[in-house]
Structure formats: C-alpha cells, structure tokens
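The values are calculated or read from the model by the stated rules, or taken from the named source; none is laboratory data. No experiment lies behind these values; they were computed from the predicted model shown. Using ideal geometry, Cβ is built from the backbone for each residue, glycine included, and neighbour counts are taken over all protein chains shown. Protein only, heavy atoms only, side chains kept; ligands, DNA and RNA dropped before computing areas. Shrake-Rupley method; radii C 1.70, N 1.55, O 1.52, S 1.80 Å.
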Amino acid sequence: MAAPRSIGTILIIALSGLLLGFDGSLFTGAVVFVKTQFTLTDFELGWTVSSHTFSATVAIFLAGPLADRIGRRTVLRIATVMFAVSAIVAAAANGYPMLIVGRLLSGLGVGAVFVAAPMYIAEISPPALRGRMVTINQLFLVFGIFLASVNNLAIVQIDLHPAEANWRWMLGIGAVPAVLYLFALLFVPESPRWHALHGRLDAARRILARAHGDALAERELAEVCASLAHDTRTSDATLRELWAPQLRGVLFIGVVVGVLQQITGINAVLGYAPMIFASAGRDLGIETPFVQTTLITLVNVVFTVAALLLIDRVGRRPLLLIGTAGVALCQFAAAWGFQSSGGHINAIWVLAGLLGFVACFALSLGPIMWVLFSEIFPNRVRALAISCVGLVNSTVCFFAQLVFPWQMEHLGGAQTFLIYAMFAVLGLAVLARILPETRGRSLEELEETLVRHS
C-alpha cells in the first residue's frame, strides 16, 4: 500500500485536474451569452471554443520536453499561473480579440497539466495502485467540470444585472481556485524519477523513501537505474528515437487511443452541451439546458468514480473495450433521437443517448487513455512520447470542436452523432486487436515486455 505521505502528494497533484476541468468548462455556459454579446458567426463561435484546444495542443507538444528539463512540478506551477491570468483576461474582455487571448492562455495551462500531472502521479505511485492513482486525476477533472456547470447554473438562476455580467462572472471566477492551487504546490516534491533521470539519485531515494518506505524505495530506485542504464546517452530524447522499430508498437497504441478518445465527440458534446439541448427542445420538463448540462457532468463524475474502483481490479483492456462498445451504442441512440419524425426531435432519446455516451466514456476512454500513456512508454522517452500522442489527441479535439457548430447547422444532429458512432465502432475493432493489459506491473517491467521484446 502507498504511504500516507505518498497519497497526500498524489492528491495535491491530482487537484490540478480539478483546476483544469473547472477552468476549461466555465466557457460551456458562457458560450451562449458570448455568441449574442459579440454577434458571432458559426465559424467564429467554433473558433472561440476550439482556440482553447488549439493552444492546449501546442502546450501538450512542448510540455513533455519542458517537464524533462525543468521538472514536472515546475511545469504545473507555470500552468497554474496561466489559469489565473487567463480567467482575468477573459472576464475583462472588451471585444472578441481579447476574449480569444484569454482562451488561448487558458489552453496553454490545460495542455501543460494534461501532460505533467498523469506523468508525475504514475512516477510516484506503486504498481498495484498506479491505475487507480492516475484515475484520481481524471476524477478530479470531471468533478471540476461538474462544479463549473453548477457554478454556471447558479449564476444564470441569480439572473445578474446587466445580463452581460453573467458570462463575465462565469469566466472570472476561475482565477480563485488557480491562486489557491499555486499555494498547494508548495507542499509537493519533484518527481523521484525526474531526479533519477538527471543523476540525482540521493534526492530520488529520499522522496521514494518518504512515499513508500525504505525497502520499496531501494527496489524501485534499482529498477529505475537499470532501465536508464540500457541507454547511456545523456542528451534529451528526440523525435527520431520515438520512431525506432522497438517503439513503433507502443506508439501506434498511443496514437489509436488518443485519436479514438476525441473523434467520438466528447469535447464537442461537453463544450456545446447547452446549445445541443436547446436545439433538442425541452420536452423532458427539465427547466433549462443548463440543468441538463449539469446532469451530464454529474453522470461524468459518477462513472469516473466507477472507473476508479474498477481499473486496478478489472484491468485496462476489459474496461476500454466494454466502454467503447457502449459509446458506439449510445451515439447511435442520440442520432436516432435527432432523426426528426414529423418535424419533432425525440428529446428523451437525445438525452438518454448523451447520458449513456458520457457514462461509457467516463468508465473507459476518459481515464484509461492517460493511464496507458503514463505506462506504456519507456522512462527515457516517456515525457516526449506523451507529448506527441497528446498532441495528436488534442489536434483531433480541436477540429471536432471547430466544426461542430457547422455540423449541427448543415448536417443536423442525426448525421453528426451517426458519424461519431461509426468512428467508435471502427476504434473498437482496432483496439480489440492491439491493446495489451498493463495492470499491476511496474513501469520498468512494462518497458521490458512491450518495448525491448516487441
């Protein structure tokens, strides 16, 4: 079992997920007001939402190498400052360009946290609990999304005057948790594996001993040193190394999972949820699209908790395959609901389909992607590899968010969600052939099995 100090450190790092989810999702409610405030076209609306993902994509690519140079903890501190500054800039925006600047700054923080936090948690967690510990980061993320939707709903119900103050409060409040988290980071050490990577074995030993006890610390440090000894080069990992024959298998797994997570539409659904529900009508008697959005985010939290409880018991592969199959079925259901009959959209099918989609995603693709990313790549190239597959993941997310308003306007909800469902079916077929099980094995053991003998 992990020592209490280790658990405390992991929980503080995982809180970055809460900050990421909260800050990144406040705009979901604000988008309705911003569209009217600045009279945005479909493309401008898409860019307002996806610009956040665009800068996150850039940050994801840079954060891995940067985390290798200056440390995982330092990258998290920089990201936290970005969150605070972006919230203030976006809330004070006096025009469309300034709003975009705020969104871009926020995305930089998101990308950095996406890479650094799971990496740090995986590097300090014992193998038996690693999946659960990395999933805690995802749990905090979805809980942050839920808190953002509750915050947005509360602001709408308060009905501030003037009306334009609604979206400014929604965005500006993001600075508060960012400042608090910056102080929390003062109480965590740097990753022990980062210290070992830079030859600081005494520092690595001290941190591991405080986290897991002396005996386990010595065993872990020996495994890390043995792993690093296979490559005596001291220069940073390069893109060319990632394309080495022995790494292509794990790189392909990472790319497939990274693409599948976003091409099924999760961030398009979460980013435009109030607009989706508004287009589906209010046949369910739920008061507003904001309440429906809050329900979606609550389901996201509940099933991420389920993933947390199951990931180290059931395993990564079964959860991922079952969850992806559920994603496909639920997207088909949502598409059926949008298929108008006599000019009437079946709002019950739409809501049920989207609730089921988010539940299945939260049980599988949501948390397990980052667990796999933190496990399947070797110590030496882990940061760069996570940055590269994260870049692919974020790029797909960017285009999905950018074109979603156009898709809904020109293709309609039925065709849009049918496309998502077909991507899920294709992804399920590929995963069934290539996905390994990584549960309960040390990072160095996984490297020996998946890389050197692949």
>> Just the residues that are touching a residue at least 24 places away in the same chain (Cβ under 8 Å), under 30 Å from P274 (Cβ atoms) and more than 17 Å from the chain's Cα centre (by Cα), please, taken from the range 369-407.
In response: L402, V403, F404, P405, W406
> Just one of F373, F404 is within 24 Å of F143 (Cα to Cα) and aromatic (F, W, Y); which is it?
Replying inline: F373
> Where residues in the range 169-207 are over 27 Å from the mean Cα position of the chain (by Cα) and over 19 Å from A67 (Cα atoms), which of them is most open to solvent (accessible area, probe 1.4 Å)?
Replying inline: R206
> Looking only at the range 188-205, which residues are assigned to a helix (DSSP H, G or I) and within 12 Å of S6 (Cα to Cα)?
Replying inline: P192
> How about the range 357-387: which of its residues are modelled with pLDDT under 85, open to solvent by 10 Å² or more (accessible area, probe 1.4 Å) and assigned to a helix (DSSP H, G or I)?
Replying inline: W370, L384
> Right, T395: more than 25 Å from V314 (Cβ to Cβ) and open to solvent by less than 20 Å² (accessible area, probe 1.4 Å) or not?
Replying inline: no
> How do the helices (runs of 4 or more DSSP H) wholly within the range 2-95 filter down when requiring 1 or more residues that are open to solvent by 10 Å² or more (accessible area, probe 1.4 Å) and touching a strand residue (DSSP E or B) at 6+ places or on another chain (Cβ under 8 Å): which remain?
Replying inline: none
> Hey, any hits in the range 157-166 for a residue that's at pLDDT below 90 and either in contact with a Gly (Cβ under 7 Å, 6 or more places away or on another chain) or open to solvent by less than 40 Å² (accessible area, probe 1.4 Å) (or both)?
Replying inline: yes
>> If a residue must be under 12 Å from the mean Cα position of the chain (by Cα) and within 17 Å of T48 (Cα to Cα), how many such residues does the range 13-24 contain?
In response: 1
> Any chance the range 311-319 includes a residue that's more than 21 Å from I136 (Cα to Cα) and either open to solvent by less than 10 Å² (accessible area, probe 1.4 Å) or not in a helix (DSSP H, G or I) (or both)?
Replying inline: no
> Would you call V301 under 29 Å from I434 (Cα atoms), open to solvent by less than 30 Å² (accessible area, probe 1.4 Å) and within 17 Å of the chain's Cα centre (by Cα)?
Replying inline: yes
>> Here is a check on your reading of the model: is F114 more than 25 Å from E444 (Cα to Cα), in a helix (DSSP H, G or I) and among the aromatic types (F, W, Y)?
In response: no
> Hey, does the range 415-432 have a residue that's at positive phi and surrounded by fewer than 18 Cβ atoms within 10 Å (Cβ to Cβ)?
Replying inline: no
> Residues of the range 431-449 being in contact with a Phe, Trp or Tyr (Cβ under 9 Å, 6 or more places away or on another chain) and at pLDDT 75 or above, which ones?
Replying inline: I434
>> Checking the condition aromatic (F, W, Y), at negative phi and modelled with pLDDT of 85 or more, which residue from F83, F61 passes?
In response: F83
